[in-house]
Amino acid sequence: MRPLRREEHVILERLLELVPSNARPSSDYKLLAEDMKDGGMGSIRFTDESGQLRKMGRELVTAEYIDEDQIPVSISINLDEEGRFFELDFWKVNFEPLRRYPRPEEVHSAPPPNASRG
């Protein structure tokens, strides 16, 4: 477990700006992180000092940005079954490592899963 890096905290805050304030989970506890084995895409799982086993509950918000190599990257905040922060999940569509962590101004709301992209 480790504290959130500054860039992780900044992206988390940017994503939360896309969520209505009444739907945001409480963050009145200290968020700690563990790097996920995702091939270098940058995903983290949120943990706490209790070490309690938690399970994925639902996706809170998804956004996207274009990496330095012009490949789209999806970023999601996932919550656990109790509605607490669970993961900050990055998925680069070609499964390669991130070239550069996104800047907040590059991150934009993603269309709903069933929306047409045409």
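Give the angle, between 0 and 90 degrees and rounded to the nearest 10, that separates the Cα long axis of helix 6-16 from the longest principal axis of the Cα atoms of the chain. Long axis of 6-16 versus the principal axis of the chain: about 80 degrees.
When exposed loop sites are taken as chymotrypsin sites (Phe, Trp or Tyr not before Pro) in a DSSP loop with at most 15 other Cβ atoms within 10 Å, the longest stretch of the chain clear of them is 30-94. Label-to-label distance for Glu7 and Ser74 is 2.2 nm, based on points extended 7 Å past Cα in the beta-carbon direction. Each Lys and Arg contributes +1 and each Asp and Glu -1, all at the Cβ; summed about the Cα centre of region 2-109, the dipole is approximately 160 debye. With both labels modelled 7 Å from their Cα along Cα-to-Cβ, the Glu34 to Arg100 distance reads 3.2 nm.
Find which of Gln52, Val107, Thr62 sits farthest along the positive direction of the dipole of region 2-109, computed with +1 on the beta-carbon of Lys and Arg, -1 on that of Asp and Glu, about the Cα centre. Result: Gln52.
Read-outs throughout are calculated quantities, based only on the coordinates presented, and are distinct from any laboratory measurement. Being a predicted model, the structure only gives us computed values, none of them experimental. As a convention, Cβ positions derive from the backbone with ideal geometry for all residues, glycine included, and neighbour counts pool all protein chains shown.
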